[in-house]
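Notes follow the structure.
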Amino acid sequence: MQQKISFINELLKNKSPEEALRAIAANFQGKVIFSSSLGYEDQVITHLIFSNNLPITIFTLDTGRLYNETYSVLQSTLERYKKSIKVFYPQTTLIENLVSEKGPISFYESVENRKECCFIRKVEPLKRALQGYSIWITGIRAEQSEGRKDIPSVEWDEANNIIKFHPLLNWTLDEVKQYIAKHNIPYNPLHDKGFISIGCAPCTRAVRVGEDFRAGRWWWEQNNKKECGLHSN
């Protein structure tokens, strides 16, 4: 596996995100997939893929608890590019059992309950979405959290048995915003209201001035490392 990662690193050396995505798609035909949360960064990558007709599958996870604005940006993206985005949902039986046994807002009661909800609504569907692919493209940026500051742009994801590539890893938020404005890319209007990271409606709020990037996620929890399980960092 390290040989393959070394090959990819050499393949992508000194390439822009667009050039890197082209190279990845050409060398791993039919085996490259991109997960979009429909946030700022992911809309940039979606634009690069769709506007260049790259053979990279794009999917998103519908947890059943998303903001209406998120659905609106999905619709705007489909209309803009006239291309399809696969949508993966949680397994109905798992959701029914969770809500029947613990109620609709059990995630507020404990970290364990919240992680259980995240697993059912996000992690399990993600694993289904990634099956059969070799390269997973993400919109992760280094400045998003302390845990992402030192990760490599190409890495092995042990939990999902797949190589991950982060084409915008070294971009700043300002660079992302400027690119979106320059290319008139559809984006979630919640970003204009202080939402930096946008997930499920009950679990995401706007970030106040001076707060950490991840402060808007699971704000009722006291620990500093708050992830849903999609990424380990």
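The values are calculated or read from the model by the stated rules, or taken from the named source; none is laboratory data. Computed from a predicted structure; not experimentally measured. In this analysis, Cβ positions are derived from the backbone assuming ideal geometry, glycine residues included, and neighbour counts consider all displayed protein chains.
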Could you run through segment 178-206 and say how many residues are under 13 Å from residue 39 (Cβ atoms), part of a loop (DSSP other than H, G, I, E, B) and either in contact with a helix residue (DSSP H, G or I) (Cβ under 7 Å, 6 or more places away or on another chain) or free of Cβ contacts under 8 Å to residues at least 60 places away in the same chain (or both)?
8
Yes or no: residue 174 in a loop (DSSP other than H, G, I, E, B) and either free of Cβ contacts under 8 Å to residues at least 60 places away in the same chain or among the small types (Gly, Ala, Ser) (or both)?
no
Sort out which residues of segment 109-150 are of a type in the set (Val, Ile, Thr) and surrounded by fewer than 17 Cβ atoms within 10 Å (Cβ to Cβ), and write them in order of number.
111
Quick test of your reading of the structure: residue 96 fulfils all but one of (1) within 15 Å of the chain's Cα centre (by Cα); (2) outside any loop (DSSP other than H, G, I, E, B). Name the failing condition by number.
(1)
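Okay, residues lined up against (1) of a type in the set (Lys, Arg); (2) in contact with a strand residue (DSSP E or B) (Cβ under 7 Å, 6 or more places away or on another chain); (3) farther than 16 Å from residue 187 by Cα; (4) at pLDDT below 95:
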{"residue": "28", "(1), (2), (3), (4)": "no, yes, yes, no"}
{"residue": "43", "(1), (2), (3), (4)": "no, no, no, no"}
{"residue": "64", "(1), (2), (3), (4)": "no, no, yes, no"}
{"residue": "86", "(1), (2), (3), (4)": "yes, yes, yes, no"}
{"residue": "106", "(1), (2), (3), (4)": "no, no, yes, no"}
Could you list all residues from segment 18-34 that are within 14 Å of residue 47 (Cβ to Cβ) and surrounded by 20 or more Cβ atoms within 10 Å (Cβ to Cβ)?
21, 34
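Residues 69, 124, 101: which one is among the charged types (D, E, K, R) and out of contact with any helix residue (DSSP H, G or I) (no Cβ under 8 Å at 6 or more places or on another chain)?
101
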